[in-house]
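Engineer: Here it is, the structure, as C-alpha cells.
Just so it is clear, none of the values below were taken in a lab; they were calculated from the coordinates. These numbers were taken from a predicted model, which means no experiment stands behind them. Every residue, glycine as well, gets a Cβ built from its backbone with ideal geometry; the counts of neighbours run over all protein chains shown.
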Amino acid sequence: MRAILGCLVVAILLATTIGASARTTADITWNGGGAIGVHFVSDDDATNAFQTGGEYINGEYHAVDHDDNPYNYGVDTTDIKVKAHVNKGYIRYRFTRDDSHTSMYGDAGQESYTYIDSYGDADFAWHSRSNFAQLRNCNYGWQANNQIHATGIHYIYHSFFINDHEGAEIEIEANGQTDLTIMSEDHSGSGFKFGKGCGCFTNAHTDITGEGHFIMNAYADNRIDTDFGIHTDGYLGIYAEFTSGFHFGNFALEGS
C-alpha cells in the first residue's frame, strides 16, 4: 500500500499486492477544500477509481478485497462503498469488473460509471460489488434513495454497461435541482437490469426542478423491456427538454 499526501490535494493509491492471501481494506474520510483521488486495485479482479474536488468536499470511502476465491474459481469478491459531498466541484466514480469465471458466467468487462459537475452542491452515494459471476450495484442498506443529487447549474452522467455495446445510461443537464434514485443495478451473464435487481423492490426515479434536459439510452443485442410499458429490440432512446421541472416515476428496465 502506498499513499501520497499533500496539504489540500490527496492522491491515494491502493493495491492488494501487500500480502499473498490477506483481505485488504481501505477506509478513508475527508473534510475540507481541495481534491482527493483513490485508485483501488483488487489484484486482477476489479478496479475502482474515485475522485472529487471543489471549494468544499467531505465524505467517506470504504473498499474491501476479500481475497476469498469462492469455489476456487480464481476470482475474489470486491466491495466498494462511497458517500461524497462537494460544493462547486465534481465527483467521478468508475468501477470495473476485470475478471470472471468465464466458462460459466461469460466475459468480464462490466462497468459502472458516474460523473457529476455542479456550480452548487452535489452528493453521491454508491455501493458496488463484484465476484466470479457478476457486477452489482446494490444501494439498499447503504442509501436507498437519491444516490445522486445536484443543485445550481449542474451536469450528471451515469452508466451501467456489461460490455462495450450493451447497457444503459442517463444524462442530465439542468439549472435547478436534481434528485436521481437508482437503488439497484444488476448483471447476469449476457443480461442486465438498470434501476432494478439485487433481489430488491424496484426504486428508480428522478425529480428535477428548473430547466434543462434529460436523456436515457439503453442498448441490448436482443431485447429491452421497461417497467413503463415499452418493449423493443436493439436500442431505446428517451429525450426530454423542460423549462419548469421534470419527473420520471419509474425508469427501470432490463436488457439481454
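Engineer: What percent does the relative contact order of region 145-256 come to when contacts are Cα pairs within less than 8 Å and at least six residues apart? Write out the running numbers ahead of the final one.
Structural biologist: Numbers: 305 pairs, mean separation 29.4, N = 112.
Normalised by residue count, the contact order of region 145-256 is 26 percent.
Engineer: List the residues, sorted by chain then number, that are 5 or more residues from I153 or on another chain and whose placed amide H is less than 5 Å from its amide H.
Structural biologist: Y119, G120, G176
Engineer: Follow-up question, since we're still on this one. For the charge dipole of the chain, defined by +1 on Lys and Arg C-beta atoms and -1 on Asp and Glu C-beta atoms about the Cα centroid, which residue among T25, G199, N72 has the Cα displaced farthest towards the positive pole?
Structural biologist: Final value for the positive-end residue is T25.
Engineer: Ranking E166, E185 by Cβ neighbours within 10 Å, fewest first, what do you get? Present the calculation step by step, with values, prior to reporting the outcome.
Structural biologist: Values: E166 20, E185 28.
Ordered by Cβ neighbours within 10 Å, fewest first: E166, E185.
Engineer: Okay, next question. Please get the size of the charge dipole for region 27-81, origin at its Cα centre, with Cβ charges of +1 on Lys and Arg and -1 on Asp and Glu, quoted in debye to the nearest 20.
Structural biologist: Details: 1 positive and 11 negative charges, 65 e Å.
So the magnitude is around 320 debye.
Engineer: May I have the convex hull volume per residue, in Å³, for the Cα set of region 33-76? Working shown, then result.
Structural biologist: On the way: hull volume 2.3 nm³, N = 44.
It comes to 53 Å³ per residue, whole-number rounded.
Engineer: Over 27 Å apart: what share of the alpha carbon pairs of region 94-244 falls there, rounded to a whole percent? Walk me through the numbers before you get to the answer.
Structural biologist: On the way: 2474 of 11325 pairs.
For region 94-244, the share of Cα pairs beyond 27 Å comes to 22 percent.
Engineer: Pairs of alpha-carbon atoms within less than 8 angstrom and 6+ residues apart define the contacts here; what relative contact order does the chain have, in percent?
Structural biologist: Working: 797 pairs, mean separation 30.5, N = 256.
Computed over the chain, the figure is 12 percent.
Engineer: Which ³J(HN,Hα) values in Hz, rounded to whole numbers, follow from the phi angles of region 209-215 under the Karplus curve 6.51 cos²θ - 1.76 cosθ + 1.60, where θ = phi - 60° and Gly and Pro get x?
Structural biologist: With the stated coefficients, region 209-215 comes to 9, x, 10, x, 9, 10, 10 Hz.
Engineer: Please compute, for the alpha-carbon atoms of region 37-104, the extent along each of the three principal axes and give them in descending order in Å.
Structural biologist: 47, 17, 16
Engineer: Can you give me the C-alpha center-to-center distance between region 24-53 and region 70-129, rounded to a whole angstrom?
Structural biologist: Spelled out, the Cα-based centre of one part sits 11 Å from the other.
Engineer: Top mean-square fluctuation among Y140, Y157, Y71, Gaussian network model of the chain, C-alpha springs under 10 Å?
Structural biologist: Residue with maximal mean-square fluctuation among Y140, Y157, Y71: Y71.
Engineer: Provide Rg over Rh for the chain; use the alpha carbon set for both Rg and the Kirkwood Rh (inverse mean inverse pair distance).
Structural biologist: On the way: Rg = 18.2 Å, Rh = 18.7 Å.
Using only Cα positions, Rg/Rh for the chain is 0.98.
Engineer: Can you list residues whose amide H is under 5 Å from T77's amide H, if they're 5+ apart or on another chain and H is modeled 1.01 Å from N?
Structural biologist: Here the answer is H66, D67, D68, N69, since their amide H atoms fall under 5 Å of that of T77.
Engineer: I want to check the label-to-label distance for R223 and S256. Put each point 7 Å from Cα in the C-beta direction and report it in nm to one decimal.
Structural biologist: So the two model labels end up 0.6 nm from each other.
Engineer: On to the next question. If the elastic network links every pair of Cα atoms under 10 Å, which of M183, M104, M216 fluctuates the most in the Gaussian network model of the chain?
Structural biologist: Top of the fluctuation ranking is M104.
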